[in-house]
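Below is one structure, written out as structure tokens; the observations come after it.
Please treat every number below as a calculation from the coordinates, not as lab data. Computed from a predicted model, the values in this text were never measured in an experiment. Cβ atoms come from the backbone with ideal geometry, glycine included; neighbour counts cover every protein chain shown.
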Ligand SMILES: Cc1cc2nc3c(=O)[nH]c(=O)nc-3n(C[C@H](O)[C@H](O)[C@H](O)COP(=O)(O)O)c2cc1C
């Protein structure tokens, strides 16, 4: 059974609902899931849980305000996490063009700089194509957990 922490970035609640749906589904399957709605660096440094970023994209390819303090401290302090598994689910809207799902790339780059290890490909959920991000996220996350 896996233990994981979900780092949520959300403006309008879609990514947060997705994270909560993941928690419910995976806990029913015996995993341990902590949803961090306003994460700080200490939430990840005192443990070795797998990390799952579940964030939307705001502004022009930017990290939502509730995840921004975590992101900035991660970039600034780069606490080394060699080999620690992480995954990325990012919500966006392809009508934004070049900045589509940019927040996921920012978090991925910062986590790579801590020497964490990415598991699986990033799941990009396009608001133009789906109104129900949970339904896309659940099958993906089951594969992700199996690959941890
Ligand atoms: C003001 C604003 C800016 C946005 N900027 C981007 C962007 O740069 N790139 C992108 O892919 N999506 C962008 N989006 C789309 C959101 O990421 C998308 O609608 C997402 O599903 C919202 O998730 P949330 O409910 O968790 O905030 C933007 C949406 C708004 C309202």
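For this structure, a couple of remarks:
- Residue exposure proxy: 40, 35, ordered by other Cβ atoms within 10 angstrom of their Cβ from fewest to most, comes out as 40, 35.
- C-alpha center-to-center spacing [the range 83-115, the range 16-30] in angstrom: 21 Å
- The helix-only estimate of mean residue ellipticity at 222 nm for the chain, built from DSSP H runs of length n ≥ 4 each weighted as -39500 (n - 2.57), is -11500 deg cm²/dmol after division by the residue total.
- All-pairs Cα distance distribution in the range 87-141, expressed in whole percent, bin size 10 Å: 24, 49, 25, 2
- The chain - share of DSSP beta bridges that are antiparallel (%, nearest 5): 5 percent
- Considering all C-alpha pairs of the range 3-147, those separated by over 22 Å amount to 31%.
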